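Reviewing the structure listed below.
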């Protein structure tokens with residue numbers, strides 16, 4: 001009887017030990033296998049971009065297929081402005097269906113910086129941080145790791161919440177004060193998604209895009225928008241209005257220690273689909289995706305086009321000026 005009791009105690013002890021052996025290393029290894037073994041996936045969720053007291057909300061849809069095919073739809077909930085980031089064999093594109101045009105990039109996107117809505121990027125950030133933190137709660141495995149946002153140095157780490165089936169549920173990207181500036185909440189995950197041959201085609205995406213945003217032709221700029229952020233000892237020196245064939249252009253010149261030029265102009269829908277080759281990288285500003293190079297930032301928002309150029313501002317300062325300009329309502 002004693003032998004039987006002793007044997008039972010050993011078995012129970014082994015079972016308890018086994019239950020507690022699923023640790024951080026094992027979880028990360030299985031999470032990595034889950035992503036790398038998936039030949040395709042589809043995600044849906046909501047992304048919140050927090051800019052001071054304002055919150056910009058996006059409906060996000062992500063499609064991935066092996067051989068590095070990506071399609072990310074970002075629709076701003078405030079004005080239904082949708083842009084599509086597309087990566088296929090031909091390159092990287094940012095499509096703006098409401099204006100019937102697309103920017104084409106020669107870019108290493110999405111692997112040149114962190115991407116809050118791509119599983120590969122999330123995994124890479126966790127793996128590359130040897131000082132990452134790990135915590136297990138009743139519902140989640142929680143990883144805290146450094147991030148790589150070269151154009152926004154305030155963003156220093158992200159908190160990744162995995163459920164017990166190793167699905168990503170939430171990500172909070174934090175600044176140096178541990179305040180969230182980006183939140184990504186995943187609502188649907190399909191790790192065995194199937195896409196047809198046209199899903200990652202540039203022309204097919206433009207043909208099938210449903211344009212919910214109404215871009216009314218604007219001929220005159222009624223209200224000039226000034227940036228809320230201007231570098232120290234820099235100020236507005238001139239404001240010029242120039243007539244265009246189909247509208248107006250305003251040129252704001254800032255002088256001082258860090259001079260720059262800000263152009264605001266009316267834009268119109270292209271009659272034929274137009275591809276615009278560009279030098280730079282796609283960058284989520286606040287309410288839209290812009291084009292960022294070493295000396296300039298350009299973007300479209302709410303029927304207006306914007307362009308900032310400077311030889312004296314750093315790339316991060318250019319983006320900071322751009323992010324301080326907004327002409328759409330926000331959600332509190």
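FYI, it's all coordinate maths here, none of it is from the lab. Only a predicted model underlies this, so the values are computations on that prediction, with no experimental measurement involved. A quick note on method: Cβ atoms are made from the backbone with ideal geometry, for glycine too, and the neighbour counts reach across all protein chains shown.
Worth a mention:
- Cβ-derived FRET efficiency at R0 51 Å, residue 275 paired with residue 25, nearest 0.05: 0.65
- Each helix, a run of at least 4 DSSP H residues, gives -39500 (n - 2.57); summed and divided by the residues of the chain, these come to -5500 deg cm²/dmol at 222 nm.
- Projected area, mean over directions - the chain, Cα convex hull, nm²: 21.0 nm²
- Taking every alpha-carbon pair in segment 52-139 and binning the separations at 5 Å intervals from zero gives 3, 11, 18, 20, 17, 15, 10, 5, 2, 0 percent.
- Subtracting the Cα-Cα distance of residue 196 and residue 57 from their residue separation scaled by 0.36 nm leaves 47.1 nm.
- For a paramagnetic label modelled on residue 229 (point 7 Å from Cα along Cα→Cβ), amide N atoms under 11 Å away belong, within segment 256-287, to 286.
- Hydrodynamic analysis of segment 234-323 uses the Kirkwood radius over alpha carbon pairs. Inserted into Stokes-Einstein at 4 °C and 1.567 mPa s, it gives a translational diffusion coefficient of 93 µm²/s.
- Kirkwood hydrodynamic radius of segment 24-208, from inverse mean 1/r over distinct Cα pairs, in Å: 17.3 Å
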